[in-house]
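The values are calculated or read from the model by the stated rules, or taken from the named source; none is laboratory data. All of these numbers come straight from a predicted model, not from anything done at the bench. Virtual Cβ from ideal backbone geometry, glycine too; neighbours counted across all protein chains shown. Just so you know, the surface numbers come from the protein's heavy atoms only, side chains and all, with ligands and any DNA or RNA stripped out. Shrake-Rupley method; radii C 1.70, N 1.55, O 1.52, S 1.80 Å.
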Amino acid sequence: MSPADQDLGDSFPQYEAPPPGHVSGSRLERVLRAGKFAVTAELNPPDSADPADVLEAARPLGEVADAINATDASGANCHMSSIGISSLLTRAGYGTVYQISCRDRNRIAIQGDVLGAAAMGVRNVLCLTGDGVGVGDQPGAKPVFDFDSLSLLRTIRTMRDEGLFLSGRKITRPPRMFLGAAENPCVPPHEWRPERLAKKVDAGADFIQTNYIFDLPVFERFMARLRDLGVDRRVFLLAGVGPLASAKAARWMRSNVPGIHIPDAVIERMEKAAKPAAEGKRICVELIQQIREIKGVSGIHVMAYRREHQVSEIILESGVLKGRVPQRRRSARPRPAPV
Amino acid sequence: MYRLRLFAVRHSRGFEWLYRRLERLMIGLDPLFARIGHDRVEAPVALIERGVKSLLFDCRMCGQCVLSSTGMSCPMNCPKQLRNGPCGGVRPGGFCEVKPAMRCVWALAWDGATRMEDGARIREVLPPVDHGLKGSSSWLRVSREKAAALREAREAERTALARAFPAAREIEPATAPLAEEPPRAVSQEVRK
């Protein structure tokens, strides 16, 4: 018997048409289209080739997140690849957001990877430009940037909706993916950020995950402008949040990680706190509760780098799930989980 | 030159006006270019284009110029060569994530676009760069393209009748011809 004739088993992903009114078979898409407040969380990728390390990192997030983001060498630091992590997570029954950065791969590699990921059961993809190589652990690497995040979005949308590669060659079974993009509302040029987001929606974005929001007034102005443009009705926006560990860590992040804006007031509050970690968590919960009230926000995206153990508590304390249990680990054949 | 580049963005409207004139001239010259041979004019035009645009815009001769859609701020100067807007790493004050001493190319672009008549073009999603066209003249590419579009429009007008009566053309080809008529086949009095 040749390998192709063998039954591939229950843990193997299947090619399925999306439910009516949906572009993908993604659980995250179902939650968002059902009008529920969605939660996604970022996984800290292991520097290891052991799948158990991925599952261990996913466990504290899976309890509360509708999908887990697999980062693609964020900060230009080398870790296990996002396609590898996403594939493992889908096999374990988790919804996953496969992040693609334009920094490291050209259009040939990326379009092939998208098909590969879709075949592995990945249903959400987040299209990112990517941090410059200079901030990472291997600054001598060649920056690729063949696509930018928008041409990448348009490319995957063309693959999905037209069934074509960018070359015009036909794809027999198109990748059914829910398309995501990022936005950073709190960094310059502030007045143009909403316009840029609108452009990403035109390019094909179905959902947006933002960078960290620590500055609520700036974010509220951003959202007001989005509502004026009518963009909030065309896309699902998940606001990015995360717990700070200490005032020192916050300062370090602000000056060393690209695109992070933390107001002085937040750092001061961390400084005055007797237990900084607990205060960081409290700030995060408060932010979630305030962000939830803003019109046009469909969910939150938690980035708790090295504080993954706090994610579950933060989400439960914030009350955004309202008793909903997002992830059901499947035991046998893949089956759409109840929303 | 960085300072000239900033100057170009500050005067984006003037450069927009100037480029439109140039484009019209190039389209007008297209029949001449065609007669000489586009292949033969490529090198000298590209040389002039490179000289002018590298001075003014720090042009990298990508061959697919989009300055009119980017506020006269060349996106090839972005270290990530983004074609559709700034990345999420822009520093306070609008400085570049990768080159902190440089203003973000896209913060400038949006700024320049607000001063331009056709500034709204910055909202269009642009395709990725075709690296095979690097070093070639974008001016010639535009004029060839626009001249071809004009020819196509004229052709559409001329063949409208033939396309409106496809069956007639099929059975009686002389009633609705698609082919070009030689001058002597047409009565000069009627046409005048």
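What the table shows:
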quantity	calculated
In the range A:127-141, residue most open to solvent (accessible area, probe 1.4 Å) [restricted to those that are aliphatic (A, V, I, L, M) and within 12 Å of chain B (Cβ to nearest Cβ)]	A:Val135
Criterion: of a type in the set (Ser, Thr, Tyr), touching a residue at least 12 places away in the same chain (Cβ under 8 Å) and in a helix (DSSP H, G or I) - qualifying residue of A:Thr90, A:Thr40	A:Thr90
Residue, nearest to A:Val54 (Cα to Cα), within the range A:74-87, restricted to residues that are in contact (Cβ under 8 Å) with a residue 40 or more places away in the chain and open to solvent by less than 20 Å² (accessible area, probe 1.4 Å)	A:Ile85
Test: residue in the range B:105-120 that is facing another protein chain (nearest Cβ under 8 Å) and in a loop (DSSP other than H, G, I, E, B)	no
Count of residues meeting criterion [open to solvent by less than 20 Å² (accessible area, probe 1.4 Å) and acidic (Asp, Glu)] in the range A:232-278	0
Residue list for the range A:124-172, restricted to those being among the hydroxyl-bearing types (Ser, Thr, Tyr) and part of a helix (DSSP H, G or I)	A:Ser149, A:Ser151, A:Thr155, A:Thr158
Residue count, the range A:48-71 (criterion: touching a residue at least 12 places away in the same chain (Cβ under 8 Å), in a loop (DSSP other than H, G, I, E, B) and more than 16 Å from the chain's Cα centre (by Cα))	3
Unmet requirement for A:Gly121, which otherwise passes all of (1) in a loop (DSSP other than H, G, I, E, B); (2) open to solvent by 40 Å² or more (accessible area, probe 1.4 Å); (3) within 29 Å of A:Pro326 (Cα to Cα)	(2)
First in the range B:165-192 and within 24 Å of B:Arg151 (Cα to Cα) and open to solvent by 80 Å² or more (accessible area, probe 1.4 Å), second anywhere and modelled with pLDDT of 90 or more and not β-branched (Val, Ile, Thr), Cβ under 6 Å, 6 or more apart	B:Thr175/B:Ala168
Residue that is farthest from B:Arg50 (Cα to Cα), among those in the range B:102-161 that are among the β-branched types (Val, Ile, Thr), more than 16 Å from the chain's Cα centre (by Cα) and modelled with pLDDT of 95 or more	B:Thr114
Number of positions in the range B:95-153 that are of a type in the set (S, T, N, Q) and either over 30 Å from A:Ser167 (Cβ atoms) or without any contact (Cβ under 8 Å) to a residue 12 or more places away in the chain (or both)	1
Residues that are within 14 Å of chain B (Cβ to nearest Cβ) and either open to solvent by less than 10 Å² (accessible area, probe 1.4 Å) or not polar (S, T, N, Q) (or both), drawn from the range A:165-177	A:Phe165, A:Leu166, A:Gly168
Residue count, the range B:26-56 (criterion: under 18 Å from B:Met72 (Cα atoms), open to solvent by 70 Å² or more (accessible area, probe 1.4 Å) and either of a type in the set (Lys, Arg) or at pLDDT below 95 (or both))	1
Given (1) within 14 Å of another protein chain (Cβ to nearest Cβ); (2) crowded, with 24+ Cβ neighbours inside 10 Å; (3) over 12 Å from the mean Cα position of the chain (by Cα), number of the condition A:Gln99 does not satisfy	(3)
B:Gly135 being open to solvent by less than 90 Å² (accessible area, probe 1.4 Å), out of contact with any His (no Cβ under 6 Å at 6 or more places or on another chain) and assigned to a loop (DSSP other than H, G, I, E, B)	yes
Residue check, B:Gly93 closer than 26 Å to A:Ser255 by Cβ, surrounded by fewer than 18 Cβ atoms within 10 Å (Cβ to Cβ) and either acidic (Asp, Glu) or facing chain A (nearest Cβ under 8 Å) (or both)	yes
